[in-house]
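The values are calculated or read from the model by the stated rules, or taken from the named source; none is laboratory data. All of these numbers come straight from a predicted model, not from anything done at the bench. Cβ coordinates were reconstructed from backbone atoms using ideal geometry, including for glycine residues, and neighbour counts include every protein chain displayed.
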Amino acid sequence: MLIKNSHLLIDTCCLLNLCASGELLNILQVISISVQAAIVEEVKQELQKIENIEHFEIAIKQNLLLIVDFQSDVEETAFVNYASEIDDGEAATGAIAINRNWAIATDDKKATKFLSQESPSLQIVSTLEIIKYWSKIANIESSKLSDVLNEIRVKARYCPDKNHRLKSWWEMAIIPNPLR
C-alpha cells in the first residue's frame, strides 16, 4: 500500500474495522511512517456515539490520528453536493480529500464508486489493504494476522466483497495456521 499523498483520511466504517482488530494504535503507528492518518469532524461525531472506542481517543491524544474540518467554501459546497449521494461521513471525507489531494480509506462500495467518478485521481484504500500493509511492515505472524482478521470479521461484521481484489488474501490469511 503506497500512499501517494501526505494524508490518509479514514472514514467511519474503515476506522470501526481497525478498532475491532484490537490493533488500532499499532496499525496507525505503522501508517504514520509514511503518511499522516486523519478523520473528518463528522466521523469523530459518529464515533463518539459508539461505546468502547477508547483506542480511538488514545490515537487522537498521541497524534496518530488528526481531526480535520472544512477549511474553505469549496470543501463545504462539495460536502453538501456529495451528501445528497452518499452518507455524511463519506461525503465529508471525500470533499476534503479531493480538495486537498489526500487519499481516503473506505470500504463503502457506493462511496467508492461515487468519489472515483468525482475524482478519478483520488486514491482509495480499503481495510484489507491497510491490514495487509501493517502485517507486512510489522512482520506479523500468520496466527496473529488470522486472529486480527477474525476480530474484524466478528466484532465489525466485516467480510470483503466477493470482487474485492484482496478477497483471496483474506481467505488465506484468516484460516488459522494448523502448525500453531
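Identify all residues within the stretch 30-44 that are assigned to a loop (DSSP other than H, G, I, E, B) and either crowded, with 19+ Cβ neighbours inside 10 Å or hydroxyl-bearing (Ser, Thr, Tyr) (or both); write none if there are none.
Scanning the stretch 30-44 gives SER32, SER34.
Being charged (D, E, K, R), within 22 Å of ALA38 (Cβ to Cβ) and in contact with a helix residue (DSSP H, G or I) (Cβ under 9 Å, 6 or more places away or on another chain) is the filter here, so list the residues in the stretch 112-147 that pass it.
Quick first cut of the stretch 112-147, residues charged (D, E, K, R) only: 113, 118, 129, 132, 136, 141, 144, 147.
Pick out the ones that are also within 22 Å of ALA38 (Cβ to Cβ) and you get 118, 129, 132.
GLU118, LYS132 - these are the residues of the stretch 112-147 that are charged (D, E, K, R), within 22 Å of ALA38 (Cβ to Cβ) and in contact with a helix residue (DSSP H, G or I) (Cβ under 9 Å, 6 or more places away or on another chain).
State which residue is farthest from SER126 (Cα to Cα) when the search covers only the stretch 144-173 and only residues that are crowded, with 19+ Cβ neighbours inside 10 Å and of a type in the set (Val, Ile, Thr).
Once the filter is applied, the top-ranked residue is VAL148.
Please note which helices (runs of 4 or more DSSP H) are completely contained in the stretch 48-108 and include at least 1 residues that are among the polar types (S, T, N, Q) and under 21 Å from LEU128 (Cα atoms).
88-100
Please work out which residue is surrounded by the fewest Cβ atoms within 10 Å (Cβ to Cβ), limiting yourself to the stretch 73-88 and to residues that are touching a residue at least 24 places away in the same chain (Cβ under 8 Å) and farther than 19 Å from ASP108 by Cβ.
It comes out as VAL74.
Yes or no, residue by residue, for (1) in contact with a helix residue (DSSP H, G or I) (Cβ under 6 Å, 6 or more places away or on another chain); (2) at pLDDT 95 or above; (3) of a type outside the set (A, V, I, L, M, F, W, C):
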residue	(1), (2), (3)
ILE33	no, no, no
GLN45	no, no, yes
ILE58	no, no, no
ASN81	no, yes, yes
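Do you know which residues across the stretch 1-29 are of a type in the set (Val, Ile, Thr), within 20 Å of LEU166 (Cα to Cα) and assigned to a helix (DSSP H, G or I)? Before you say what the answer is, go through the steps one by one.
Taking the stretch 1-29 first, the residues of a type in the set (Val, Ile, Thr) are 3, 10, 12, 27.
If we keep only those that are within 20 Å of LEU166 (Cα to Cα) too, we end up with 3, 10, 27.
Scanning the stretch 1-29 gives a single hit, ILE27.
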